[in-house]
Structure formats: structure tokens, C-alpha cells
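The values are calculated or read from the model by the stated rules, or taken from the named source; none is laboratory data. Quick caveat, the model's predicted, so the values are computed rather than measured. Glycine also receives a Cβ, built like all others from the backbone with ideal geometry; neighbour counts cover every protein chain displayed.
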Amino acid sequence: MTTTKTDTIDGTVAEYVTAVIGGQLFGLPISRVQDVFMPERLTRVPLASAEIAGVLNLRGRIVTVVDMRARLGLPRNDDGKPPMAVGVDLRGESYGLLIDQIGEVLRLPDASCEENPVNLDPRMAKLAGGVHRLDGQLMVVLDVDRVLEIVPKTALAA
């Protein structure tokens, strides 16, 4: 799937839902985002990898929740604030990506998207589909397919 594209006079524009994980700004292509929710009543999955926070029932659907801090090799968040989750789908399965906080929707020109810098943390680089340089900040574009690559292997191992 591709990002929602809008043609403007300046070229093609992509829309991203922004999220903060461990102090880093990330962007998820808006076309991949189903919803944003507060995960409640999370059930741990025995023998699942540490990256799987658990499963929950969201409006009648079973959602596998992926801990993005664990996925990025970051320590647990202990600031006391409840985590948020971004709902995404992959091949008909529902997933929630656990994040620290949700941001705004940004419309950015495709021309400003760059390849991953060579000095980007390797844990981020393997999940990134490029970066946008914003005012004094780097937004890492999350490749949802790469983020969820862990899940099928985990399911097979269980």
C-alpha cells in the first residue's frame, strides 16, 4: 500500500500521522492508520516475544499490540502517562502500535523525503522508510510492513 498522495502545484504531497516514541518523532503514512486509541485490558500472550505487549478486544476485533519501545530497543516508559496506540492493518489482521504520544497530521512534499541517513540508529533504520527534516527535528517515516515483520515469526514460534 502507498501513502495517500495529493498533487499540488509544487508536486506530490504525502500525509503522515505523527507519533513520539522515546523522544523521537515518527510519521506513519495516513493511508495505513485505521484509528488511534488508548489500549485497555491488555492480555499478555504466553511465550510471545517481548515486542508483543499483548492482545485486546477493540470494537469486536482482536488486536495484537506491538510495543514500539521494545521493537526499537528502547527502555520501558516510566513517566506515568498512559500509552497510546495507533491501529494498523496488515493482510487483514489488526495491530496496535504502542507509542508514547500521538501528534498531528502533517502534509509533507514527497520531494523533501530523504533516504535514511547513514548515522541513523540501526534499530530505527531497519524500520524506517526515509526521513523528513523538519524545523530542527528529524521525522522518521515508519514502514508499517517492516515494523510488523516480527509478528508472523512470533506466531509460528508460539
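Using beta carbons and a limit of 6 Å, which pairs, at least six apart or on different chains, have the first residue in the range 23-41 and at positive phi and crowded, with 16+ Cβ neighbours inside 10 Å and the second one at pLDDT below 95 and not aliphatic (A, V, I, L, M)?
none
Which residues, taken from the range 73-96, are in contact (Cβ under 8 Å) with a residue 60 or more places away in the chain, under 15 Å from S31 (Cα atoms) and within 12 Å of the chain's Cα centre (by Cα)?
Correct list: V86, V88.
Are any residues in the range 134-158 assigned to a helix (DSSP H, G or I) and modelled with pLDDT of 90 or more, and if so, which ones?
V144, D145, R146, V147
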